[in-house]
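Here's the structure we're looking at; comments come further down.
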Amino acid sequence: QVQLVESGGGLVQAGGSLRLSCAASGSIFSFNIMGWYRQAPGKQRELVATITSLGRITYADSVKGRFTISREDAKNTVHLQMNSLTPEDTAVYYCNLGVFQDNYWGQGTQVTVSS
């Protein structure tokens, strides 16, 4: 069974930075996609950024140039460095691990950006 544990959320002022981390444990195939999604109140969950085990990265247009995703394969960990945060970034951020047909989710971590 795969488990994902997120950390690093919190409250920050607009213009500030936060770093999210997600550690995966369990039986994890070497080829996978790790990423971050977010869900704001009253909105659907949306992709923030993903990174494959081959290093291919995708960002949502809304975070390009501000957020950076990275991974440490030796620790099965993915990070999301978030800079220049705005109130529009306020959401619950979820870590995701995709392996072939399977998708695993973390419990979510709240990010709140005050104006």
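Tabulated data
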| quantity | calculated |
| --- | --- |
| Lone unmet requirement of (1) modelled with pLDDT of 95 or more; (2) open to solvent by less than 70 Å² (accessible area, probe 1.4 Å) for N76 | (1) |
| Which numbered condition Q1 fails, given (1) touching a residue at least 24 places away in the same chain (Cβ under 8 Å); (2) farther than 15 Å from V113 by Cβ; (3) touching a strand residue (DSSP E or B) at 6+ places or on another chain (Cβ under 7 Å) | (3) |
| Filter result (over 16 Å from Y94 (Cα atoms) and crowded, with 18+ Cβ neighbours inside 10 Å) within segment 15-71 | N32 |
| Test: L11 is touching a residue at least 40 places away in the same chain (Cβ under 8 Å) and either exposed (fewer than 11 other Cβ atoms within 10 Å of the Cβ) or over 12 Å from the mean Cα position of the chain (by Cα) (or both) | yes |
| Conditions (1) within 19 Å of G8 (Cβ to Cβ); (2) surrounded by fewer than 16 Cβ atoms within 10 Å (Cβ to Cβ); (3) polar (S, T, N, Q); (4) under 14 Å from the mean Cα position of the chain (by Cα): number failed by T109 | (2) |
| Cβ-Cβ under 9 Å pairs, at least 6 apart or on other chains, segment 54-74 side farther than 26 Å from F29 by Cα, far side open to solvent by 70 Å² or more (accessible area, probe 1.4 Å) | S62/E46; S62/E88 |
| Criterion violated by Q44 - all others in (1) over 19 Å from S17 (Cβ atoms); (2) touching a residue at least 12 places away in the same chain (Cβ under 8 Å); (3) not hydrophobic (A, V, I, L, M, F, W, C) satisfied | (2) |
| The listed residue being of a type in the set (G, A, S) and closer than 14 Å to C22 by Cα, out of G65, G106 | G106 |
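The values are calculated or read from the model by the stated rules, or taken from the named source; none is laboratory data. Just so it is clear, the structure is predicted and the values come from calculations on it, not from any experiment. Cβ coordinates were reconstructed from backbone atoms using ideal geometry, including for glycine residues, and neighbour counts include every protein chain displayed. What goes into the accessible areas is simple: the full protein's heavy atoms, side chains included, and nothing from ligands, DNA or RNA. Shrake-Rupley method; radii C 1.70, N 1.55, O 1.52, S 1.80 Å.
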